Each structure stands twice: as C-alpha cells, then as structure tokens.
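K.L.:
Just passing along the structure, written as structure tokens.
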Amino acid sequence: MANLLEVQQATKQFGSFTALQNVSIQVPKGSIFGLLGPNGAGKTTLIRIINQITLPDQGSVFLDNEPLKPEHIKDIGYLPEERGLYKSMKVGEQALYLAQLKGLSKKEAKERLKYWFDKFDITHWWDKKIQELSKGMAQKVQFIVTVLHRPKLLIFDEPFSGFDPINANVIKDEILQLRDEGATVIFSTHRMESVEELCDHIALINKSQKILEGKLSDIKRAYKSNTFEVGLLTDDHQSLFSTLNNKFSVAPADFKTIDDQLKLKITLDNTMSSNDMLRYLSEKAQVLRFNEVIPSVNEIFIKTITENE
Ligand code: ADP
Ligand code: MG
C-alpha cells in the first residue's frame with residue numbers, strides 16, 4: 001500500500017540533549033497509525049516536525065511523495081498536546097473563525113459546524129465563552145475544529161488525555177469513522193488501552209529512538225509464543241496437572257469461571273499442533289476453554305522496552 005507520510009531518519013537536538021535520533025516512520029494511506037512510547041520519548045517532537053512547527057536537524061519528511069512544504073499545512077489537521085483556545089471568545093464565533101482560517105467559506109463552516117455540534121450534542125454551547133467550558137468540553141470543540149476542513153492527514157497528540165472514559169470512547173469512534181471516510185490518522189499516546197481497537201499500524205518510540213514499527217497484526221504474530229489458555233473440567237486436578245505437566249510446558253493461568261476448572265497455559269513446541277493438543281486434552285477432561293494467547297500491545301510495549309534498556 002502507498003504511504004501518505006514518510007519520515008526519513010529524523011534527528012532533533014535541544015542543546016546537547018537528543019530528543020529524536022534517526023527516527024523513520026512509514027504511514028500507509030488510510031491507516032490509523034499509533035505513535036506509542038513513554039513520556040519524554042520524543043513523540044511530540046516528531047509530531048511537531050511533521051507539522052512544520054519544528055525543523056529537524058537532520059532527516060526529511062515526505063507527504064504524498066513530495067518533500068514537506070508550507071502548502072502542506074492545509075492538508076493536515078493537527079490537535080496539539082497543549083490545547084489552547086482563546087478563552088474570552090465565544091465558542092461558535094471562535095470555531096467559525098478557526099474554520100475560515102483553514103480555508104472554508106463562512107457558509108460552509110457554519111454548515112459543517114452545525115453538523116458536528118449536533119453530533120456531539122453541544123449546540124447549546126454556541127454562545128458560551130470558552131472559559132465557561134470544562135477542559136473536556138473545550139477539547140471537544142478543539143477536536144471539531146481539527147477535523148472540520150477534512151484534511152487527508154489527521155494528527156492527534158494524546159487525544160484521550162483530559163477526557164473521561166465515555167468521551168474518550170466518543171472520540172475513538174469518531175476517529176474510526178474519519179478513517180472509514182478516507183482520512184489517514186496518526187495519534188500519539190503513552191497509555192496503551194486505547195490502542196488495541198484503534199490502530200492497524202504502530203511505531204514504538206523509546207528514549208528518542210524508534211524500537212519497533214509495523215502492521216499491528218504482523219507484530220502480534222511475531223510476538224506470540226504458541227501458547228494456549230485452557231480450562232478443563234475434571235474430578236482430580238492434581239492428577240491431571242501431573243499428566244499434562246509431564247507432556248507439555250505448563251503454567252498456571254488465571255481467568256474467571258463460574259465452576260472449578262483446572263486453568264492452565266500450555267506452550268507447544270513444533271512437534272505438536274494445536275489440534276493434536278485439543279484432541280489429547282478432550283480425551284482426559286471436558287474442555288471448557290481453549291484459546292490462543294495473543295500478546296496485548298501493552299505486553300509488547302513492556303517487553304520491547306525492557307529488551308532495549
Ligand atoms: P513525548 O511527547 O514522547 O512525551 P517530547 O517529544 O515532548 O516527548 O519530548 C522529548 C524530550 O525532549 C523530553 O525530554 C523533553 O523534555 C525534550 N524537549 C522537548 N521539547 C523541547 C524543547 N523545546 N527544548 C528542550 N527540550 C525539549
Ligand atoms: Mg507528548
């Protein structure tokens with residue numbers, strides 16, 4: 001698939017401190033790309049380079065195969081980490097003003113704002129001042145203004161921070177819909193919960209360096225270990241455990257059940273298939289659970305960072 005955005009070997013120093021070191025990313029068209037990493041990793045610095053707010057010391061950025069240039073700013077919708085709206089201006093007035101700055105006519109801006117304000121159920125805020133809004137409410141307004149001109153690339157820096165779980169979900173659904181309508185999305189986060197359902201591609205940044213990048217399903221496939229979680233109904237846990245422990249690599253598992261099961265994680269080597277194991281287990285006990293263990297993004301994140309320490 002073609003890439004909408006490519007960053008090639010970007011390096012950025014602040015004095016003697018290196019905030020980004022030779023970081024490259026490839027963001028496929030139509031993807032939701034998660035830029036993940038702990039606080040201070042360099043995510044915002046990279047995002048500011050893509051938005052032409054900061055120049056890299058070395059490296060280059062390409063949008064649609066063209067070197068980044070000032071005119072590209074209108075192709076990008078950017079929600080900065082430090083949110084800021086003019087506090088004493090009225091919500092509607094300000095939204096209209098910002099929309100027109102992005103090239104929309106007043107009529108167009110009004111129509112689209114009406115659509116979004118209805119959608120978020122905030123039409124009654126139109127004549128309120130920004131300073132009267134809670135942080136989460138102001139953030140909703142800023143989200144709307146970011147996406148209103150329908151840019152092909154949307155960049156959200158920590159979009160979920162400051163939102164309660166319900167509103168974070170609203171934003172998550174909107175991001176998915178914007179992608180379905182053709183936008184390419186990059187978002188940064190240091191919290192992994194929001195990542196699973198949202199991203200199809202990720203890059204992990206740690207201490208100014210990229211340590212992992214790719215399609216999320218490929219990464220998960222590479223990190224899984226042929227381990228299966230099983231729940232077995234049997235009269236004699238001890239004896240079944242001994243039998244299985246002699247045959248497989250077995251560890252206790254912890255999941256909730258309503259009845260008393262023997263709960264195990266079983267890791268297979270290459271000599272046995274999962275079907276063979278299932279057949280074997282079903283001869284010894286009633287199999288109530290049998291599923292492959294797929295590592296979560298959080299587990300991959302922690303493992304990769306620890307390995308790179
Ligand atoms: P992240 O967004 O991943 O939390 P940042 O890109 O904001 O990380 O910051 C990476 C590092 O660069 C941090 O240690 C930060 O203090 C430093 N840094 C960022 N911007 C500046 C700046 N303008 N001047 C000096 N140091 C900076
Ligand atoms: Mg940041």
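K.L.:
Suppose R0 equals 35 Å. What FRET efficiency, 1/(1 + (r/R0)^6) with r the Cβ-Cβ distance, do N39 and K90 give to the nearest 0.05?
P.N.:
With R0 = 35 Å, the Cβ-Cβ based efficiency is 0.50.
K.L.:
Shifting gears a bit: What whole-number distance in Å separates the alpha-carbon centres of the range 1-47 and the range 180-223?
P.N.:
Computed from Cα coordinates, the inter-centre distance equals 12 Å.
K.L.:
Helix 135-147 versus the longest principal axis of the chain: what angle, 0 to 90°, nearest 10, using Cα atoms?
P.N.:
Taking the Cα atoms of the chain, the angle to 135-147 is about 80 degrees.
K.L.:
Separate question: Collect residues whose amide H, placed 1.01 Å from N in the peptide plane, falls under 5 Å from the amide H of L20; neighbours closer than 5 in sequence don't count.
P.N.:
Amide H to amide H, under 5 Å and 5 or more residues apart or across chains, L20 pairs with K12.
K.L.:
Mind pulling the angle between the C-alpha long axis of helix 165-180 and the longest principal axis of the chain? Nearest 10 degrees, somewhere in 0 to 90.
P.N.:
Roughly 80 degrees, rounded to the nearest 10.
K.L.:
Further, regarding this structure: Given springs between every Cα pair under 10 Å in a Gaussian network model of the chain, which of V147, V297, V230 has the largest fluctuation?
P.N.:
Maximum fluctuation in the GNM of the chain, among the listed residues, is at V230.
K.L.:
Given R₀ = 25 Å, what would the calculated FRET efficiency be for A251 paired with D200, taking r from the Cβ atoms and rounding to 0.05?
P.N.:
Computed FRET efficiency for A251 and D200 comes out at 0.20.
K.L.:
Using 0.36 nm per residue, how much length does the chain from D276 to E181 gain when fully extended, once their Cα-Cα distance is taken away?
P.N.:
29.8 nm
K.L.:
So which aspartates and glutamates pass the test for K129, namely a Cα distance under 20 Å, with those fewer than 8 places away in the same chain ruled out?
P.N.:
Within reach: E82, E93, D118, D121.
K.L.:
Report the gain in length on full extension from K74 to R289: 0.36 nm times residue separation, minus Cα-Cα distance, nm rounded to one decimal.
P.N.:
Full-extension gain reported as 72.2 nm.
K.L.:
Here's another thing I want to ask about it. Round to the nearest 0.05 the FRET efficiency obtained for E307 and Q13 when R0 = 25 Å and r is the Cβ-Cβ distance.
P.N.:
After rounding, the FRET efficiency stands at 0.45.
K.L.:
Which of N226, N167, N270 moves most in a GNM of the chain, Cα contacts under 10 Å?
P.N.:
Its mean-square fluctuation being the largest, the pick is N270.
K.L.:
Under a 5 Å amide H to amide H cut-off, with H placed in plane at 1.01 Å, what residues pair with G77 once short-range neighbours are removed?
P.N.:
Distant-sequence amide H within range of G77: L153, L154, I155.
K.L.:
Still on this structure, please answer the following. Can you compute 3J(HN,Hα) from phi for each residue in the range 187-192, using the Karplus curve 6.51 cos²θ - 1.76 cosθ + 1.60 with θ = phi - 60°, rounded to whole Hz and x for Gly and Pro?
P.N.:
Karplus-based 3J(HN,Hα) across the range 187-192 equals 9, 9, 7, 9, 10, 8 Hz.
K.L.:
Also: Let me make sure I get this right: for the chain, a, b and c are the square roots of the gyration tensor eigenvalues over alpha carbons, sorted descending. Under 1.5 in a/c it's rounded, otherwise prolate if a/b > b/c, else oblate. Which is it?
P.N.:
prolate
K.L.:
Using DSSP, restrict attention to beta bridges with both residues in the chain and report what percent are antiparallel, rounded to the nearest 5.
P.N.:
Percentage antiparallel, nearest 5: 70.
K.L.:
Take the alpha carbon atoms of the range 104-149, find their center, do the same for the range 50-95, and report the distance between the two centers in whole angstrom.
P.N.:
Distance between centres, Cα-based: 19 Å.
K.L.:
Here's another thing I want to ask about it. Filter K12/K135; K152/K172; K152/K215 down to the pairs with a C-alpha to C-alpha distance above 28 Å, please.
P.N.:
Over 28 Å apart, Cα to Cα: K12/K135.
K.L.:
Measure off, as a whole percent, the carbon and sulfur share of the 1.4 Å-probe accessible area of the chain, all protein chains present.
P.N.:
Whole-percent figure for carbon plus sulfur exposure: 48.
K.L.:
Residue by residue, what Karplus-based ³J(HN,Hα) values in Hz, rounded to whole numbers, does the range 193-206 have, using 6.51, -1.76 and 1.60 with θ = phi - 60° and x for Gly and Pro?
P.N.:
4, 6, 7, 3, 7, 9, 8, 9, 10, 9, 10, 9, 10, 9
K.L.:
Using a Gaussian network model of the chain whose springs link C-alpha atoms within less than 10 Å, name the residue from K69, K114, K284 with the highest mean-square fluctuation.
P.N.:
Per the Cα network of the chain with a 10 Å cutoff, K284 tops the list.
K.L.:
At 0.36 nm per residue, and after removing the present C-alpha to C-alpha distance, how many nm does the segment from Q100 to F241 gain when stretched out fully?
P.N.:
43.9 nm
K.L.:
Still on this model: Report the residues of the range 1-35 in range of a label on Q209: point 7 Å along Cα→C-beta, backbone N strictly under 16 Å from it.
P.N.:
9-12, 18-25
K.L.:
Ignoring ligands, DNA and RNA, what accessible area per residue does the chain give at 1.4 Å, in Å²?
P.N.:
Ligands and nucleic acids excluded, the result is 52 Å² per residue.
The values are calculated or read from the model by the stated rules, or taken from the named source; none is laboratory data. These figures come from a predicted structure and were not determined experimentally. Positions of Cβ are backbone-derived with ideal geometry, glycine not excepted, and every protein chain shown enters the neighbour counts. These accessible areas exclude ligands, DNA and RNA; they are computed on the full protein's heavy atoms, side chains included. Shrake-Rupley method; radii C 1.70, N 1.55, O 1.52, S 1.80 Å.
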